[in-house]
1. May I ask for the net charge around LEU288, where only other residues with Cβ less than 10 Å from the Cβ of LEU288 are counted and Lys, Arg are +1 while Asp, Glu are -1?
2. So, for the stretch 109-255, what is the accessible surface per residue at a probe of 1.4 Å, expressed in square angstrom?
3. What is the Cα convex hull volume of the stretch 454-497 when expressed per residue in Å³?
4. Roughly how compact is the stretch 172-232, stated as its Cα Rg over 2.2 N^0.38 Å to two decimals?
5. Across bins of 5 angstrom width beginning at 0, how are the C-alpha pair distances of the stretch 205-297 distributed, in whole percent?
6. Could you give the accessible area per residue of the stretch 256-410, probe 1.4 Å, as a whole number in Å²?
7. Determine ³J(HN,Hα), in whole Hz, for all residues of the stretch 418-426 in sequence, where each value follows from phi through the Karplus function 6.51 cos²θ - 1.76 cosθ + 1.60 and θ = phi - 60°; x replaces Gly and Pro.
8. Mind ordering 382-388, 223-229, 311-317 by average Cβ neighbours within 10 Å, highest first?
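The values are calculated or read from the model by the stated rules, or taken from the named source; none is laboratory data. All values derive from a computational prediction rather than experimental measurement. Using ideal geometry, Cβ is built from the backbone for each residue, glycine included, and neighbour counts are taken over all protein chains shown. Quick note on the areas: whole protein, heavy atoms, side chains included, nothing else; ligands and nucleic acids left out. Shrake-Rupley method; radii C 1.70, N 1.55, O 1.52, S 1.80 Å.
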Amino acid sequence: MAQLHAIASCSSSRISFRPSVQAEWPIRQNLSCTKKTCSFQEAGALSSGFLGHLSIHHRLHQAPSSRTKATLNVLSNEKDGVLTSPGTIENGRGLRGKLKKVVLAYSGGLDTSVIVPWLRENYGCDVVCFTADVGQGDMEMEGLERKAKASGACQLVIKDLKEEFVRDFIFPCLRAGAIYERKYLLGTSMARPVIAKAMVDVAKEVGADAVAHGCTGKGNDQVRFELTFFALNPELNVVAPWREWDIKGREDAIEYAKKHNVPVPVTKKSIYSRDRNLWHLSHEGDILEDPANEPKKDMYMMSVDPEDAPNQPEYVEIGIVAGIPVSINGKDLSPASLLSELNEIGGRHGIGRVDMVENRLVGMKSRGVYETPGGTILYTAVRELESLTLDRETVQFKDTIALKYAELVYAGRWFDPLRESMDAFMESITKTTTGSVTLKLYKGSVTVASRQSPNSLYREDISSFENGDIYNQADAAGFIRLYGLPTRVRSMLERGL
């Protein structure tokens with residue numbers, strides 16, 4: 001069960017602020033980006049309309065009585081007031097409207113620290129900061145209470161989601177064999193829905209009428225967060241400051257923070273944009289924005305350079321039950337503990353580095369470098385065990401479905417009926433995928449050394465080159481004649497026979 005840690009408390013009084021930034025009409029039409037590059041605000045305007053269309057898909061699953069009301073809430077960020085013209089709301093609610101309490105996805109970094117006073121200033125609301133522990137590390141969790149209070153939040157809620165994250169989100173993707181565009185093991189894609197799900201729960205616990213995130217209008221995460229909000233509570237208002245405010249980048253954000261006396265632990269120089277959880281660590285920005293540049297050696301944090309890895313290989317045995325890893329070297333471990341230990345083992349051998357250019361959901365290409373040491377080991381182990389337990393047709397169909405499964409997860413559709421149905425299929429066909437796989441780790445490579453399963457379809461007496469009672473090699477002649485009949489007929493036609 002997730003641990004809930006509430007720090008401080010919201011006072012009963014509520015401070016109202018006069019909006020200092022001109023509001024934009026929340027329903028944007030006929031917007032296009034004709035320049036070579038789009039700003040965060042321009043991309044945000046476009047993505048707002050895109051997300052509005054996506055929300056309709058989720059809202060159609062709601063009862064008719066709540067469908068219209070829920071759609072209005074998302075488009076206008078206004079529950080009770082009536083939107084009359086661009087930037088004005090009746091009942092004296094101000095340019096951007098009035099919200100009671102907002103749950104903000106909070107990291108303690110520059111963006112979310114600035115969002116706290118911005119929400120209070122523009123929506124006159126209490127702000128509850130929410131932080132999910134998905135294995136990002138103690139350094140990122142350090143000092144959050146102090147930072148949240150300094151930013152003006154009335155409450156900080158921290159939930160430990162590591163076990164739920166691995167058990168209910170990572171392992172289903174692992175069992176499905178879901179990999180996006182041949183390389184990406186979906187580290188960030190899997191983390192966003194578990195965080196957003198917890199935010200919906202916290203909103204209910206604290207009586208909030210809105211949720212907010214710090215995702216830019218250019219990225220995939222805005223979609224992943226908001227589709228989860230739509231699916232789990234379509235009546236929540238959603239605030240996405242990067243699609244609304246006039247802050248254009250880090251320098252503007254730092255100046256805004258100084259103006260509102262918010263301490264920020266950063267300088268104006270940007271290095272890398274990173275996202276870390278128990279599954280992976282991603283790197284974007286700086287020299288990586290040019291695909292021609294090789295990543296710097298000191299950029300990596302979870303894994304050593306394969307060239308500097310030990311000169312002796314290490315063998316690790318992964319125990320698997322019904323397609324789900326359960327043990328390392330014969331020792332049963334919880335999902336989060338198992339993954340954490342494999343990260344350490346794989347990291348010291350330089351396992352799991354991926355450099356790729358991917359196609360973002362919002363239409364642009366993006367270059368990212370990912371470190372997934374434990375995940376790479378697990379994917380290899382499960383795939384090798386399936387080579388024993390699944391027949392040819394099942395493997396081929398599973399691989400086909402896995403592509404769509406990965407696309408759905410990447411696009412933020414974790415709670416779609418289609419993904420849930422596909423997951424039920426994956427669970428069913430991997431019931432016999434039980435056994436153990438021993439892998440050899442050496443200087444960045446993972447190779448299989450041993451596979452064993454009580455449900456193995458491999459029969460040595462059949463596969464042997466020696467003749468046996470079950471397989472008669474003479475039978476192959478008739479099989480080949482029938483199997484090759486279409487080829488013979490086509491050749492006869494071409495030759496006029």
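1. With Lys, Arg at +1 and Asp, Glu at -1, the net is -4.
2. 29 Å²
3. 104 Å³
4. Ratio of Rg to 2.2 N^0.38 Å for the stretch 172-232: 1.28.
5. 2, 10, 14, 18, 19, 17, 12, 5, 2, 1
6. Computed with neighbouring chains in place, this is 48 Å² per residue.
7. 5, 5, 5, 5, 5, 5, 5, 5, 4
8. Most protected by this proxy first, the peptides run 223-229, 382-388, 311-317.
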